[in-house]
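Please read the structure below before turning to the comments.
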Amino acid sequence: MIRKCLFPAAGYGTRFLPMTKAIPKEMLPILTKPLIQYGVEEAMGAGMNTMAMITGRGKQAIANHFDVSYELEHQIQGTEKEKMLADIRDIIDNCTFSYTRQAFMGGLGHAILTGETLIGNEPFAVVLADDLCINDDDGVLSQMVKLYNEYQCSIVAIEEIDPSQTNKYGIVSGVEITDGVYRVDTMIEKPLPADAPSNLAIIGRYILTPDIFDILSQTAPGKGGEIQITDALMTQARMGNVIAYKFRGKRYDCGSIDGYVQATVALYEKSK
């Protein structure tokens with residue numbers, strides 16, 4: 001059973017400056033909830049109750065959000081506004097949160113490796129909070145947990161993208177073993193369109209087996225001088241131990257202004 005979910009949340013969010021000068025990008029609101037809360041709720045829906053946060057300087061607002069605010073709760077106790085905190089109180093009451101800091105921005109692979117002490121020797125999920133995924137039924141992580149129970153290996157969520165955009169994503173190719181499920185044989189970080197093996201792009205949802213930590217510790221910096229999770233996963237893929245899954249649902253890239261606005265509009269329309 002997968003109990004833990006890792007949230008890399010140490011990035012600067014420079015595409016949203018000056019807003020992110022003082023506010024973590026993971027705390028940017030979609031309607032009345034911050035992005036990272038949507039990710040935690042998705043993990044809870046998949047049966048996870050231990051949330052491991054990789055943070056950095058200036059990210060105290062994340063820990064404060066997932067903690068009790070006695071003064072605020074006392075102030076609104078007995079009023080109509082009290083129910084507005086019901087969702088976050090449910091998270092606080094039913095989840096355990098742990099935090100560690102990423103000392104420097106060394107890539108997603110480095111961020112995941114930083115979380116080893118929080119995860120230990122067990123399979124775990126990874127959520128990138130600025131990829132907001134909306135579903136009418138099972139969330140993306142719930143879908144991936146079912147696949148993990150069947151295949152018992154690392155899994156990455158993928159979607160088809162415009163081939164001209166491959167230089168923005170990790171790109172995979174492989175053999176389709178059942179509808180929307182691929183056994184990965186190639187994985188490249190942000191290739192130029194001419195070098196891309198497909199238009200199947202990895203999005204911010206992973207399930208990883210614990211041997212990934214040993215692999216990451218031996219993975220040399222790659223694209224951009226950073227430790228890339230795609231390079232480490234490629235080591236697993238050579239042994240047939242990585243599945244790519246074309247998930248059900250809609251994903252919004254809330255790390256970009258366009259995607260953030262689209263997600264806000266979509267959830268507003270859905271709430272009406």
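We did not get these values from a lab; they are worked out from the coordinates using the rules stated. The model shown is predicted, which means the values in this text are computed figures rather than measured ones. Cβ atoms come from the backbone with ideal geometry, glycine included; neighbour counts cover every protein chain shown.
Entry for segment 134-272 at q = 0.13, 0.16, 0.21 Å⁻¹: log10 I(q)/I(0) = -0.59, -0.88, -1.34, Debye formula applied to identical alpha-carbon scatterers, no solvent contribution. Spatially, segment 198-272 and segment 46-72 are offset by 22 Å when compared through their Cα centroids.
Of all lysines in the structure, the ones whose alpha carbon falls short of 19 Å from that of LYS190, not counting any fewer than 8 places away in one chain, are LYS168, LYS223, LYS246.
All C-alpha to C-alpha distances of segment 4-271, sorted into 5 Å bins beginning at zero, yield P(r) values of 1, 6, 12, 17, 20, 18, 13, 7, 3, 2, 1, 0, 0 percent in whole numbers. Overall, segment 4-271 carries a charge dipole of about 580 debye about its Cα centre when +1 sits on the Cβ of Lys and Arg and -1 on the Cβ of Asp and Glu, all other atoms neutral.
Straight Cα distances below 14 angstrom link LYS25 to the aspartates and glutamates ASP130, ASP131, ASP253, with same-chain residues fewer than 8 positions distant left out. Looking at segment 4-271 alone, DSSP beta bridges between its own residues are antiparallel in about 60 percent of cases. Legend: distances between Cα atoms for LYS59/LYS146; LYS21/LYS146; LYS59/LYS83; pairs beyond 28 Å are LYS59/LYS146; LYS21/LYS146. Here segment 171-186 and segment 9-40 have alpha carbon centers that stand 32 Å from each other. Seen from ALA22, the other residues with C-beta closer than 12 Å to its C-beta sum to a net charge of +4, counting Lys and Arg as +1 and Asp and Glu as -1. Axis of helix 140-151 versus longest Cα principal axis of the chain: the two differ by about 40°, to the nearest ten degrees. When the convex hull of its Cα atoms is viewed from all sides, segment 189-252 shows a mean projected area of 5.5 nm². Relative to the Cα centre, the charge distribution of segment 62-208, modelled as +1 at Lys and Arg Cβ and -1 at Asp and Glu Cβ, gives a dipole magnitude of about 460 debye.
What angle do you read, to the nearest 10 degrees and between 0 and 90, between the alpha-carbon axis of helix 35-45 and the longest principal axis of the chain? With rounding to tens, the tilt is 80 degrees. With the alpha-carbon atoms of segment 94-179 aligned to their principal axes, the span from lowest to highest coordinate is 37, 31, 26 Å, starting with the largest. Across segment 4-271, the relative contact order, built from alpha-carbon pairs under 8 Å that are at least six residues apart, equals 23 percent. Selection among ALA22, MET239, SER217 by position relative to the dipole of the chain gives ALA22 as farthest towards the positive end (Cβ unit charges, Cα centre).
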